[in-house]
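The values are calculated or read from the model by the stated rules, or taken from the named source; none is laboratory data. For clarity, every value in this text was computed on a predicted model and none was experimentally measured. Neighbour counts are summed over all protein chains in view; Cβ atoms, including those assigned to glycine, are modelled from backbone coordinates with ideal geometry.
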Ligand code: ZN
């Protein structure tokens, strides 16, 4: 049996940015016999075919068509991005004494204190100009290259009583000592394999270099960067690649920019998912009416990680609807529809888990606390279908080094394999059968 925890830690190592996460997924899709499609070209799609398409190189949607041709869609969506710091366009900042800092801005809502005093590096993409051609190169410095040093306690005796960090002041990483000016651009160009002058623009982000670790009395926990949401991206891809679509079209969607509200051209609040579903249907010969009927009959799991009860602060969690690491896949509920789960989607997904022998846990926030948001309800504004919000229970969400349960990785792969392998057929509004 595949050791999904080790495979996931490999996935994290290869995926320091959203661009790299999508590249790692595309490599796996290539190896699985999937054909890349381009959004800017006509599509040739045939029954039994397997395809994928990227947008912005930071979101990817793959789909597998059954031999019987066009049908409804069974979708798992997750996100490729994680909170981090983005390098500003002009980022070198030489300070007194000649130290070279990098000017960065926040991307998403990270726990800032977790970024101090640990080895960091830089990854993302650069745009390269050669004559009148612009091309994209992914870049990963791949070494301990920068660090954000804490202030010593002697200058801030109250630091352990709570400190308000200022991203423009406290969080600027140190890159080099005196004489380092210009060296970052040169290092990025070397990593991209181009001349320094050829780079015209960049989307570059910090990432934590601390390697993944499996730990605990029974090696029941693991920790690494970007568990939210690459754990769901990895497990959904593993299930998708292992499943055969029979009676429905399987869809894997890993979308960028969830951490900043999904509002980009490649996020869940874009046309990307509907464009892919509609174009796949049209290429298979379905009419507009048939495509709309298929989308209405479709099912989606919006997979984004959930909160495990923190052992030091159990009072923060709802008394009954609380979830634990290694307790199984989490179904997330919210009366105000921050999560899409309702009785129909909860019944479908918990049945799929029961059929696969996977334990299920239910999460809701305390009624006196605001919860987070995710991509399911946003995607539903564009492609509306029965949708369940799920995830795995983890600790320290949005820290630069997060923690989750080893057994849950396997649980999620099995639950999503069940979703991809069994046909969920809508018989009438609110009435379904699971094949
Ligand atoms: Zn997330």
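Quick check: is even one residue across the range 242-253 closer than 26 Å to residue 101 by Cα and at pLDDT 95 or above?
At the first step, the residues of the range 242-253 found to be closer than 26 Å to residue 101 by Cα are none.
There is no residue in the range 242-253 that is closer than 26 Å to residue 101 by Cα and at pLDDT 95 or above.
Determine whether the range 317-338 contains at least one residue that is under 24 Å from the mean Cα position of the chain (by Cα), closer than 26 Å to residue 248 by Cα, within 16 Å of the ligand (Cβ to nearest atom) and not in a strand (DSSP E or B).
no
With respect to residue 75, is the statement that it is in contact with a helix residue (DSSP H, G or I) (Cβ under 6 Å, 6 or more places away or on another chain), within 21 Å of residue 305 (Cβ to Cβ) and surrounded by 23 or more Cβ atoms within 10 Å (Cβ to Cβ) true? Talk me through it step by step, then tell me what you get.
Values: in contact with a helix residue (DSSP H, G or I) (Cβ under 6 Å, 6 or more places away or on another chain): no; within 21 Å of residue 305 (Cβ to Cβ): yes; surrounded by 23 or more Cβ atoms within 10 Å (Cβ to Cβ): yes.
When the stated conditions are applied, residue 75 does not pass them.
Any residue that is free of Cβ contacts under 8 Å to residues at least 24 places away in the same chain, surrounded by fewer than 23 Cβ atoms within 10 Å (Cβ to Cβ) and more than 16 Å from the ligand (Cβ to nearest atom) - is there at least one of those in the range 218-239?
Filtering the range 218-239 down to residues free of Cβ contacts under 8 Å to residues at least 24 places away in the same chain leaves 218.
If we keep only those that are surrounded by fewer than 23 Cβ atoms within 10 Å (Cβ to Cβ) too, we end up with 218.
Next, only the ones that are more than 16 Å from the ligand (Cβ to nearest atom) stay: 218.
The answer is yes; a qualifying residue exists.
Of the conditions (1) within 16 Å of the ligand (Cβ to nearest atom); (2) over 30 Å from residue 10 (Cβ atoms), residue 400 fails just one. Which one is it?
The one condition residue 400 does not meet is (2).
How about the range 294-316: which of its residues are touching a residue at least 12 places away in the same chain (Cβ under 8 Å) and in a helix (DSSP H, G or I)?
Going residue by residue through the range 294-316, those that are touching a residue at least 12 places away in the same chain (Cβ under 8 Å) are 294-310, 316.
Across the range 294-316, the qualifying residues are 294, 295, 296, 316.
So for the range 259-272 (the condition being surrounded by 22 or more Cβ atoms within 10 Å (Cβ to Cβ), over 15 Å from the mean Cα position of the chain (by Cα), under 30 Å from residue 89 (Cα atoms) and at pLDDT 95 or above), does at least one residue qualify?
yes
Identify, from the list 406, 353, the residue that is closer than 30 Å to residue 121 by Cα and away from the ligand (no atom under 16 Å from the Cβ). First the steps, then the outcome.
Working: 353 fails: closer than 30 Å to residue 121 by Cα.
One residue alone meets the criteria, 406.
Determine if the range 281-293 includes at least one residue that is in contact with a strand residue (DSSP E or B) (Cβ under 9 Å, 6 or more places away or on another chain) and within 15 Å of the ligand (Cβ to nearest atom).
No, there is no match, as no residue in the range 281-293 is in contact with a strand residue (DSSP E or B) (Cβ under 9 Å, 6 or more places away or on another chain) and within 15 Å of the ligand (Cβ to nearest atom).
Hey, does the range 187-196 have a residue that's over 30 Å from residue 9 (Cβ atoms), surrounded by fewer than 16 Cβ atoms within 10 Å (Cβ to Cβ), touching a residue at least 40 places away in the same chain (Cβ under 8 Å) and in contact with a helix residue (DSSP H, G or I) (Cβ under 8 Å, 6 or more places away or on another chain)?
No, because not a single residue in the range 187-196 is over 30 Å from residue 9 (Cβ atoms), surrounded by fewer than 16 Cβ atoms within 10 Å (Cβ to Cβ), touching a residue at least 40 places away in the same chain (Cβ under 8 Å) and in contact with a helix residue (DSSP H, G or I) (Cβ under 8 Å, 6 or more places away or on another chain).
Within the range 54-66, can you find the residues that are buried (at least 22 other Cβ atoms within 10 Å of the Cβ) and over 16 Å from the mean Cα position of the chain (by Cα)?
Across the range 54-66, the qualifying residues are 63, 64, 65.
For residue 173, state whether it is within 25 Å of residue 225 (Cβ to Cβ), surrounded by fewer than 16 Cβ atoms within 10 Å (Cβ to Cβ) and in contact with a strand residue (DSSP E or B) (Cβ under 8 Å, 6 or more places away or on another chain).
Details: within 25 Å of residue 225 (Cβ to Cβ): yes; surrounded by fewer than 16 Cβ atoms within 10 Å (Cβ to Cβ): no; in contact with a strand residue (DSSP E or B) (Cβ under 8 Å, 6 or more places away or on another chain): yes.
No, not satisfied.
Any idea which of 98, 109, 69, 32 is surrounded by fewer than 22 Cβ atoms within 10 Å (Cβ to Cβ), within 16 Å of the ligand (Cβ to nearest atom) and in contact (Cβ under 8 Å) with a residue 60 or more places away in the chain?
Values: 98 fails: within 16 Å of the ligand (Cβ to nearest atom); 69 fails: within 16 Å of the ligand (Cβ to nearest atom); 32 fails: within 16 Å of the ligand (Cβ to nearest atom).
The match here is 109.
Are any residues in the range 358-397 buried (at least 19 other Cβ atoms within 10 Å of the Cβ), within 16 Å of the ligand (Cβ to nearest atom) and assigned to a loop (DSSP other than H, G, I, E, B), and if so, which ones?
Passing the criteria: 365, 374, 375, 392, 397.
Any idea which of (1) surrounded by fewer than 16 Cβ atoms within 10 Å (Cβ to Cβ); (2) more than 15 Å from the ligand (Cβ to nearest atom) is the one residue 298 doesn't satisfy?
Against the list (1) surrounded by fewer than 16 Cβ atoms within 10 Å (Cβ to Cβ); (2) more than 15 Å from the ligand (Cβ to nearest atom), residue 298 comes up short only on (1).
Looking only at the range 402-428, how many residues end up being under 16 Å from the mean Cα position of the chain (by Cα) and over 23 Å from residue 373 (Cβ atoms)?
2
Mind counting the residues in the range 240-264 that are more than 28 Å from residue 400 (Cα to Cα) and either out of contact with any strand residue (DSSP E or B) (no Cβ under 9 Å at 6 or more places or on another chain) or free of Cβ contacts under 8 Å to residues at least 12 places away in the same chain (or both)?
Counting residues in the range 240-264 that are more than 28 Å from residue 400 (Cα to Cα) and either out of contact with any strand residue (DSSP E or B) (no Cβ under 9 Å at 6 or more places or on another chain) or free of Cβ contacts under 8 Å to residues at least 12 places away in the same chain (or both) gives 2.
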